[in-house]
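Enquirer: Take this structure, written in structure tokens, and hold onto it; I'll ask about it next.
The values are calculated or read from the model by the stated rules, or taken from the named source; none is laboratory data. It should be emphasised that the depicted structure is a prediction, and the values quoted were computed from it without experimental measurement. Don't worry about glycine lacking a Cβ; one is built from the backbone with ideal geometry, like all the others, and counts go over all protein chains shown. Quick note on the areas: whole protein, heavy atoms, side chains included, nothing else; ligands and nucleic acids left out. Shrake-Rupley method; radii C 1.70, N 1.55, O 1.52, S 1.80 Å.
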Amino acid sequence: MFQRKIYDRLLDWKAHSSREKALLIEGARRIGKSTIAEAFGRNEYKSCLLIDFNDASDVVRSAFERYLNDLDTFFMILQTEYNVTLYPGESLVIFDEVQQFPKARQSVKKLVKDGRYDYIETGSLISIKENVKDISIPSEERTIRMYPMDFEEFCAALGENKMLEYIRGCFAKLVPLEDDLHHKAMMLFKQYILVGGMPQSVAKYLENNRSFIEADIEKRDILELYRNDIHKADVQYRSRIASVFEQIPAFLSLHEKRVRLSNIEEKSSYPAYEDTFGWLKESMMVNECFNCNDPNVGLSLNEDRTYIKCYMGDTGLLISHAFSPSEIADGELYKRILHDDLSINEGMIFENAIAQCLSANGYRLFFYTRYNEDKHRNDIEIDFLISNGSKTKPMIFPIEVKSAKRYTTTSLDRFMDVFGKRVGRAYIIHTKNLSVKGKIVCIPCYMTMCL
């Protein structure tokens, strides 16, 4: 099992809230929810009982239907069926893939109130939301979101914890890395881009002598799983979800990287696609990024949902989604990415990776554009906006992503001129080492984890 940051949040829940609330781990398919929950149960409790509702027996399902008013019998059935002894105050019960059996989720209210054991639920978020029509959602439930492995977790899997400490130290002091170590850190980030953060893909990469090909095979299996999930969506918007999902690489290849609904359906508008984007967001297959037409601390208060970018939730999956198996098999694609030679596609991949890093750090994604009527084009384009969230000293932080070695800062300079009083610090995220130019801090992409 890989080292995952969410483990510390599980420890905090166990120490402070497990007697009052069950914990629901939400997330996309195949990001390691079940693995982390079971490892936590084995490590932190005297015993752990896991019920996988994908294959739970009729006896187990029947226990939820018949014996919730007789919990002594209910727990006796579970212990007998799974051959696990439960100890009051010292055992964890896991409802894995709980979306497959909503009755179990509804039972959480009574089980938590009973107080004998702790409870963790896991499941695919979109499936959970779609399967609650006939049950009451328990208030005795706390939710946390889990994402694919971030860059730090990927480096830890490669045994590069000392490198992570060094990167964080340099960021704190705003000093560049030593040149050779900068090149090593960039190579690590490029590996992360190519492999991605899906644990099974990372495992295949490491088990097969760092084989990008083996990682790609695993990623394509996950993409097929996602397509199968889309086919199970509500028939009213299923085809639109499929259309948007399949065209994500094409949208991200455009200069502005914005979703153009006219490319999908003539004379279409955002309201007609609201359920489509809602489904993709809840599935956590994608990271949405909305235009903020008045950059301020309350970014979501000024979002324009008719202008949207749709990044893949995992950049490794984007690589496999965007390129055919034949383009992957000869290894040329990997060579070009590792040697910074992909032109417009490199910009697409690079920006998606930064979106993934910011999402993993807990940020909702926003961008900013200003249309110049005289020039008949956008004269300011800011890739991402984040806020410090402070009510006493509110500040926003514009971020420009630059994959090319040569670039201009025209948009960022104009943004600073217009909104300078609101800006705490501006960032350029690029492939070069760290440098500071006034209020603009230029950081290498691997330092995005520090924001």
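Enquirer: From the residues in region 145-155 that are out of contact with any Leu (no Cβ under 7 Å at 6 or more places or on another chain) and of a type outside the set (Ser, Thr, Tyr), which one is most open to solvent (accessible area, probe 1.4 Å)?
Expert: Of the residues in region 145-155, the ones out of contact with any Leu (no Cβ under 7 Å at 6 or more places or on another chain) are 145-151, 153-154.
Next, only the ones that are of a type outside the set (Ser, Thr, Tyr) stay: 145-146, 148-151, 153-154.
Numbers: Arg145: 80, Met146: 6, Pro148: 21, Met149: 0, Asp150: 18, Phe151: 5, Glu153: 17, Phe154: 0 Å².
Residue satisfying both the conditions and the ranking: Arg145.
Enquirer: Which condition breaks for Tyr45 when tested against (1) open to solvent by 30 Å² or more (accessible area, probe 1.4 Å); (2) modelled with pLDDT of 95 or more?
Expert: Only one criterion is unmet by Tyr45, namely (1).
Enquirer: Right, something else. Need pairs with beta-carbon distance below 6 Å; first residue closer than 24 Å to Asn228 by Cβ and within region 259-280, second part of a loop (DSSP other than H, G, I, E, B); sequence gap 6+ or separate chains.
Expert: From region 259-280, the pairs are Asp275/Tyr237; Thr276/Tyr237; Trp279/Ala233.
Enquirer: Of the residues that make up region 434-446, is at least one under 19 Å from Met348 (Cα atoms) and either open to solvent by 30 Å² or more (accessible area, probe 1.4 Å) or assigned to a loop (DSSP other than H, G, I, E, B) (or both)?
Expert: From region 434-446, those under 19 Å from Met348 (Cα atoms) are 443-446; that's our starting set.
The next check asks that each one be either open to solvent by 30 Å² or more (accessible area, probe 1.4 Å) or assigned to a loop (DSSP other than H, G, I, E, B) (or both); those that pass are none.
Checked region 434-446: no residue is under 19 Å from Met348 (Cα atoms) and either open to solvent by 30 Å² or more (accessible area, probe 1.4 Å) or assigned to a loop (DSSP other than H, G, I, E, B) (or both).
Enquirer: Among the residues of region 274-298, count how many are more than 25 Å from Ile349 (Cα to Cα) and crowded, with 18+ Cβ neighbours inside 10 Å. It would help to see each step written out before you state the result.
Expert: Kept after step one, since they are more than 25 Å from Ile349 (Cα to Cα), are these residues of region 274-298: 274-275, 293-298.
Those left that are additionally crowded, with 18+ Cβ neighbours inside 10 Å: 295.
Number of matching residues: 1.
Enquirer: Please specify each residue of region 262-275 satisfying the condition of being at pLDDT below 80, closer than 14 Å to Asp304 by Cβ and not polar (S, T, N, Q).
Expert: Of everything in region 262-275, those that are at pLDDT below 80, closer than 14 Å to Asp304 by Cβ and not polar (S, T, N, Q) turn out to be Tyr270, Pro271.
Enquirer: In region 204-225, how many residues are touching a residue at least 60 places away in the same chain (Cβ under 8 Å), open to solvent by 20 Å² or more (accessible area, probe 1.4 Å) and either among the small types (Gly, Ala, Ser) or part of a loop (DSSP other than H, G, I, E, B) (or both)? Before the answer, list the steps.
Expert: Initial filter on region 204-225 (touching a residue at least 60 places away in the same chain (Cβ under 8 Å)): 212-213, 215-216, 219-220, 222-223, 225.
Narrowing further to those that are open to solvent by 20 Å² or more (accessible area, probe 1.4 Å): 212-213, 220, 225.
If we keep only those that are either among the small types (Gly, Ala, Ser) or part of a loop (DSSP other than H, G, I, E, B) (or both) as well, we get none.
Residues in region 204-225 being touching a residue at least 60 places away in the same chain (Cβ under 8 Å), open to solvent by 20 Å² or more (accessible area, probe 1.4 Å) and either among the small types (Gly, Ala, Ser) or part of a loop (DSSP other than H, G, I, E, B) (or both): 0 in total.
Enquirer: Can I ask one more? Out of the residues in region 55-99 that are out of contact with any helix residue (DSSP H, G or I) (no Cβ under 7 Å at 6 or more places or on another chain), farther than 21 Å from Ser18 by Cα and acidic (Asp, Glu), which is surrounded by the most Cβ atoms within 10 Å (Cβ to Cβ)?
Expert: Checked region 55-99; the qualifying residue surrounded by the most Cβ atoms within 10 Å (Cβ to Cβ) is Asp70.
Enquirer: Where residues in region 67-116 are hydroxyl-bearing (Ser, Thr, Tyr), touching a residue at least 40 places away in the same chain (Cβ under 8 Å) and touching a strand residue (DSSP E or B) at 6+ places or on another chain (Cβ under 8 Å), which of them is farthest from Ser47 (Cα to Cα)?
Expert: Keep residues of region 67-116 that are hydroxyl-bearing (Ser, Thr, Tyr), which gives 67, 73, 80, 82, 85, 87, 91, 107.
In the following step, the residues that additionally are touching a residue at least 40 places away in the same chain (Cβ under 8 Å) were identified as 87, 91, 107.
Those left that are additionally touching a strand residue (DSSP E or B) at 6+ places or on another chain (Cβ under 8 Å): 87, 91.
On the way: Tyr87: 7, Ser91: 5 Å.
Here the residue is Tyr87.
Enquirer: His16 is checked against (1) under 27 Å from Met285 (Cα atoms); (2) out of contact with any Phe, Trp or Tyr (no Cβ under 6 Å at 6 or more places or on another chain) and fails just one. What number does that condition carry?
Expert: (1) is the only condition that His16 fails.
Enquirer: Considering only residues that are more than 28 Å from Thr392 (Cβ to Cβ), in contact with a Lys or Arg (Cβ under 9 Å, 6 or more places away or on another chain) and assigned to a strand (DSSP E or B), which ones fall in region 274-309?
Expert: Matches in region 274-309: Asn287, Glu288, Tyr307, Ile308, Lys309.
Enquirer: Can you tell which of Leu174, Leu164 is touching an Asp or Glu at 6+ places or on another chain (Cβ under 6 Å) and either modelled with pLDDT of 95 or more or surrounded by fewer than 13 Cβ atoms within 10 Å (Cβ to Cβ) (or both)?
Expert: Values: Leu174 fails: touching an Asp or Glu at 6+ places or on another chain (Cβ under 6 Å).
Testing whether each residue is touching an Asp or Glu at 6+ places or on another chain (Cβ under 6 Å) and either modelled with pLDDT of 95 or more or surrounded by fewer than 13 Cβ atoms within 10 Å (Cβ to Cβ) (or both) leaves just Leu164.
Enquirer: Further question: From the list His339, His376, pick out the single residue that is surrounded by fewer than 11 Cβ atoms within 10 Å (Cβ to Cβ) and within 23 Å of Ile213 (Cβ to Cβ).
Expert: Working: His376 fails: within 23 Å of Ile213 (Cβ to Cβ).
Among His339, His376, only His339 is surrounded by fewer than 11 Cβ atoms within 10 Å (Cβ to Cβ) and within 23 Å of Ile213 (Cβ to Cβ).
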